[in-house]
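Heads up, the thing below is written out as structure tokens.
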Amino acid sequence: MAPPAGPCWAHPDVDLLLCDDGLQHLALARDVEVIVFDERGAGNGWLLPAGPLREAIDSPSATDAPALVVYNAAQATTALPGHLVDRRLAGAVDLADWWRGVAADPGAWGALQVQPAPLLCAGIGQPQRLVAMLSSLGVAVQLLPLADHFDFAELPWPAGTPDVIVTEKDAVKLDPARVARERPGTRVWVVPLKFELLAALIDALAARLASRGFVPRRHRPG
């Protein structure tokens with residue numbers, strides 16, 4: 001089937017577009033801007049590649065209102081006023097069970113407190129942050145850092161590894177049948193991240209959208 005003609009926002013069922021990494025697309029019209037900082041904050045204040053920033057921290061908003069600031073961290077890491085999020089690990093679940101839709105067990109950490117320590121295979125941008133989160137739960141790991149968005153064309157852990165931990169970002173690329181065939185005896189654990197936006201942030205975003213004329217579908221008459 002051919003794709004529909006015209007831009008996606010012309011479709012009658014589309015009323016809100018959420019664009020990841022849209023701030024650097026200067027030609028992109030936007031109604032609300034959301035800037036996210038993690039534990040690094042503004043770092044050394046320099047732009048990539050000399051520092052962590054994608055644009056200057058004092059860049060003006062491209063809308064008629066200041067950007068909403070979100071801190072993906074335990075506390076604010078810049079002087080900009082903003083909102084915190086609740087970020088924690090939801091538990092652990094066997095890879096095959098995860099594929100079947102079984103929820104992670106928040107009481108499973110004891111099964112991962114073993115020797116030799118599980119191998120953490122993390123194809124994510126900041127694996128040390130996950131190491132710290134697991135450590136706070138009493139789970140020591142051996143880190144096998146992988147390239148961000150690692151494709152798992154080859155299974156990276158050695159044969160005979162008893163326990164491997166992966167994120168959901170990596171689990172979607174791992175077929176349990178393939179793992180059982182290529183690495184028999186290895187149990188792969190998935191540790192989903194539970195990430196919740198606090199009510200104050202949701203309210204602030206809803207108010208900003210309402211000021212631009214957006215009405216959530218569930219609030220529309222009929």
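Here, each number is a calculation from the coordinates, and none is a lab measurement. Here the structure is a predicted model, which means the values were calculated and not measured. We place every Cβ from the backbone using ideal geometry, glycine too, and count neighbours over all the protein chains shown.
Across region 46-52, rounded Karplus estimates of 3J(HN,Hα) from the backbone phi angles (6.51 cos²θ - 1.76 cosθ + 1.60, θ = phi - 60°) give 8, 7, 4, x, 6, x, x Hz, Gly and Pro being marked x.
Rounded to a whole number, what is D in µm²/s for the chain from Stokes-Einstein with the Kirkwood radius over alpha-carbon pairs (25 °C, 0.890 mPa s)? Roughly 119 µm²/s, to the nearest whole number. Phi angles of region 184-192 translate, via the Karplus equation with coefficients 6.51, -1.76, 1.60 and θ = phi - 60°, into HN-Hα couplings of x, x, 9, 9, 9, 9, 9, 10, x Hz per residue; Gly and Pro are given as x.
The helix-based estimate of mean residue ellipticity at 222 nm for the chain, built from -39,500 (n - 2.57) per DSSP H run of four or more residues and divided by its residue count, is -4500 deg cm²/dmol to the nearest 500. What the phi angles of region 24-38 give under the Karplus curve with 6.51, -1.76 and 1.60, with θ = phi - 60°, is a coupling list of 7, 8, 5, 7, 7, 5, 8, 9, 9, 10, 10, 10, 10, 10, 10 Hz, glycine and proline written as x. Each peptide in 159-167, 37-45 was scored by the mean count of other Cβ atoms within 10 Å over its residues; highest first, the order is 159-167, 37-45.
Per residue, the convex hull around the alpha carbon atoms of region 126-169 comes to 85 Å³. Annotation: amide H-H contacts under 5 Å for I35 (H modelled 1.01 Å from N, sequence separation of 5 or more, or interchain): L68, V69, V70. Pairs of C-alpha atoms in region 91-191 farther apart than 20 Å represent 31 percent of all such pairs.
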